[in-house]
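K.L.:
Sharing a structure below in structure tokens format, with a few things to ask.
Just so you know, all these numbers are worked out from the coordinates, no wet-lab data involved. If you're wondering where the values come from, they're calculated on a predicted model, not measured in any experiment. All Cβ positions, glycine included, derive from the backbone under ideal geometry; neighbour counts span all protein chains shown.
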Amino acid sequence: MFKIFVTVLFLLAAANPVLANDTLEISLQPDPANPPSPQMGDWLKFHSKIENHSSNDAHGVVAWISLIQVDPGKEQPVDLEDWSAHKAVTRSVLPVAQQVGVEWPMRLIQAGSYRVVISAVDRETAHVMTSPFIGFQVRQMPVVESGRILPVAFGVPSLLLILIIWRRYRHRGIFG
Amino acid sequence: MTNPIILIARKESGELLLSGRGITWLLALSIVMSVLSLLLVSNTELSLLDNASVVYMVMGTVTALGSLLAVVLGTDAIAGERERGSLWPLLLAPVTPSQIVLGKMGGQTAGWIVMYLLSLPYVWAVGSSGQNLAQAVIYLALFATPVVLGFGFFCIGLSARVHHVRTALLTGLITLMLLASPLLLGPSLRQSGIGKLFDAVNPFSAALNTFDSVVIDSQTLAVQSSRLVVTLVWLVTTALFAMRSMRKIKI
């Protein structure tokens, strides 16, 4: 009986990610103009709405975007340093039944499978509230490989520099 | 007896390739190429550029740097000799003005060949994982050569006509900046009527548009024929200008 109860509760939570005691309801939608099959270097945009559906004002609201790579063997949270300059929003007060719309632009830096999710907290709620996640796939694009650049970028000037030094010392008779 | 043209060309190219000053110029050019290459991998915006776009960018830079070297060498060719006091002995030697110019042109050509060879490792480094690398190497030689040498010949002519190296160099650099402006402005130049006209007759634009067409769009030589004509007209016109200027040389 307990197992059935837990299963039903889990299914309900999965169907509606907004928990009963969440003060904020967060939606997340991809922009309709997003490329259907994005590749490295493309821009994606996501829209979210954070709504206070509790009976009290929410204070100190902070919402932020998280990106998780889910490729087998490469599961990890992604540092958004290069991906997005718009990582979080804050509101000192979000009144009852009011909502705030947020746009999250993102530059795709690396190929792979990703999930994006918006999380939010306020001062009164003791847990993190999250939006449903959105998954997307980033295609590989042939870009410059640093492994080849570095030897050439340092090697060619170094060779010329050695040639200059060698010439100078040869004229002085050091190398005969 | 050795042909005087070959003698002068050998002296000119020797000054570039064997003198400390010449090698220092090449070092400076290679450092510019290295900085650009490092930017391409370290800068987030640039490192996400498509491989073919990066090759196109490097080809444009090589053409611009080669032209810059040609402007400096061309300016120094006659006006430099005049300022160093070595022009009189050269004119009194048993060589015709045409032979002097052809010898100077030979020196220019040797300088560009070295510059081109120096650029190949960079083109390979940025382009070996992408498309049309072989085409990039061939078309860089085919289209950048007349553009670069044309700048050199133009400046040889200028330096024969004006008294001071500074004046000739400034005029050469302004001309280079004007003609190489598509490198900075990109396709936005072609949006106006004047821009389209400038693009159609500018040899630098012809070379850049060919690099774009061949490396990025994988188009054939047949598509580039009118552009090749523009660059060859530039080469022949500037060569004639240099020869003609040498006959009217100001001592």
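K.L.:
Using helices alone, what [θ] at 222 nm do you get for the protein assembly as shown, with -39,500 (n - 2.57) per DSSP H run of 4 or more residues, divided over all residues and rounded to the nearest 500?
P.N.:
Only helices count here, giving -17500 deg cm²/dmol.
K.L.:
Here's something else I'd like to know. Largest first, please: the extent of the C-alpha atoms of chain B along each principal axis, to the nearest Å.
P.N.:
Over chain B, Cα extents along the principal axes are 58, 41, 33 Å.
K.L.:
Just to confirm my numbers, what's the Cα centroid distance between region A:24-90 and region B:213-251 in Å?
P.N.:
First find each Cα centre; the distance between them is then 54 Å.
K.L.:
Would you count, across chain B, every pair of lysines whose alpha carbons are under 23 angstrom apart, provided the pair is eight or more residues apart or spans two chains?
P.N.:
Value for chain B: 4.
K.L.:
Which value does Rg/Rh take for chain A over its C-alpha atoms, Rh per Kirkwood?
P.N.:
With Rg and the Kirkwood Rh in hand, the quotient comes to 1.30.
K.L.:
Further question: Return the Cα extents of region A:77-176 along principal axes one, two and three, sorted largest first, each rounded to a whole Å.
P.N.:
Rounded to whole Å, the extents work out to 88, 32, 22 Å.
K.L.:
For the pair B:Asp217 and A:Leu150, what calculated FRET efficiency results from E = 1/(1 + (r/R0)^6), where r is the Cβ-Cβ distance and R0 = 35 Å, to the nearest 0.05?
P.N.:
0.75
K.L.:
Would you calculate the volume per residue, in Å³, of the smallest convex hull containing every Cα atom of region A:129-169?
P.N.:
About 105 Å³ per residue, rounded to a whole number.
K.L.:
Between B:Thr24 and B:Ile6, what is the label-to-label distance in nm when each label sits 7 Å out along the Cα-to-Cβ direction?
P.N.:
3.3
K.L.:
Which of the DSSP-defined H helices in chain B satisfy a minimum axial length of 30 Å, computed from C-alpha atoms, and a minimum mean Kyte-Doolittle hydropathy of -1.0?
P.N.:
Flagged H segments are B:20-42, B:51-75, B:97-127, B:225-247.
K.L.:
Within region A:95-111, whose backbone N sits under 12 Å from a point 7 Å along Cα→Cβ of A:Asn34?
P.N.:
Under cut-off, by backbone N: A:104-108.
K.L.:
Treating the angle as unsigned and between 0 and 90°, give the value, to the nearest 10°, between the Cα long axis of helix A:2-15 and the longest Cα principal axis of chain A.
P.N.:
60
K.L.:
Dimensions of the protein assembly as shown along principal axes (Cα, Å, largest first)?
P.N.:
Here the spans come out as 112, 60, 41 Å, largest first.
K.L.:
Quick one: divide the alpha-carbon radius of gyration of region B:20-138 by 2.2 N^0.38 Å and tell me what you get.
P.N.:
Dividing the Cα Rg of region B:20-138 by 2.2 N^0.38 Å gives 1.35.
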